[in-house]
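Note sheet for the following structure.
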C-alpha cells in the first residue's frame, strides 16, 4: 500500500448558521488518509459524520482549516472547481442507492459519463466494464424495481466507478440491506481496494461492517475521540 497521503484534514471546522444559533458540526478535526487505505468513520447521530463526509467529498467547504486532496488545497475552491474535482477523483455510494427508477442499470451507470461529455462508444464500454466488476453483467437491462436491494447497491457502486475515481466515499452503504447483502457489498468494496487501489472511506454505525476497514476513526460532538486499527477493535470486541 502506498504511503503517500491522499487526504489531509488540518484543524477543520464547520459552523452552520441556523437563524440566530450557530451549530458547530465539526470542531477542529485533523486526519490523514493514505492512498489505498480502507477507513471507517463511526459515531452516534450528531457526531459530525455526515458533515465530514460532505467536506471530504467536496460537497461542502469547511468554515476554517485546510483540506488537502491529492496534494492540492481544495478548502476555498469555488463550486465549479469543486464539481470538477468530484467528477474526476471521487465516487459516491449512498444508503438509499439514489438510482433513477425508470432507467436500466446500464443507463444509471452511464449517466455520469453523459454529464462528463464522454462519447457514446466509450460510455458503453466503461458502463459495461463497471457492471461486470460488481457481478451484474446479466442485469444491465433491468430497472431498479427488478433488482434486489443488494443488486441496486451494486449498481450504485458500478456508477461510482465509471469515472475511474481514486476515492470512493460510502455513506452507510449497507444501511438498507440484510446482513448477507451487506457483506457482499463490503466484499466488492474490498476487492476494488485490493485490485484497483481505490481508497475507501466508509461511514457506518455497524461495528461488524467497520471490521472490513483497516482503521476506524471515532467521532463524537464534532471531535475525533480516538483512532484504532481493526485488529485493536477486534480485541476490544472479543474482550
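Quick note: the coordinates plus some simple rules give every number you see, no bench work behind them. The structure displayed is predicted, hence computed values, not measured ones. Positions of Cβ are backbone-derived with ideal geometry, glycine not excepted, and every protein chain shown enters the neighbour counts.
Points worth noting:
- Normalised by the number of residues in the chain, the mean separation of alpha-carbon contacts (under 8 Å, six or more apart) gives a relative contact order of 27 percent.
- Computed FRET value (nearest 0.05) for residue 190 with residue 228, which takes r as the C-beta separation and R₀ as 25 Å: 0.85
- 115, 16 arranged by Cβ crowding within 10 Å, fewest neighbours leading: 115, 16
- In the chain, the longest principal axis of the Cα atoms and the axis of helix 79-89 are about 60 degrees apart.
- DSSP beta bridges in segment 5-238 [antiparallel fraction, %, rounded to 5]: 55
- Cα centroid separation - segment 131-186 against segment 27-101, whole Å: 20
- Distribution of pairwise C-alpha distances over segment 157-218, 10 Å bins, in %: 21, 59, 20, 0
- Cβ-Cβ FRET estimate between residue 221 and residue 59, R0 fixed at 35 Å, reported to 0.05: 0.95
- Added length on full extension, which subtracts the Cα-Cα distance from 0.36 nm per residue, residue 148 to residue 80: 20.9 nm
- Counting every pair of alpha carbons in the chain, the share spaced more than 29 Å apart comes to 29 percent.
- Helical mean residue ellipticity (222 nm; -39500 (n - 2.57) per DSSP H run of 4+; nearest 500) of the chain: -11000 deg cm²/dmol
- Segment residue 72-residue 176, extension gain: residue separation times 0.36 nm, minus the distance between their alpha carbons: 34.0 nm
- Rg followed by Dmax, in Å, when segment 101-231 is reduced to its Cα trace: 15.8, 49
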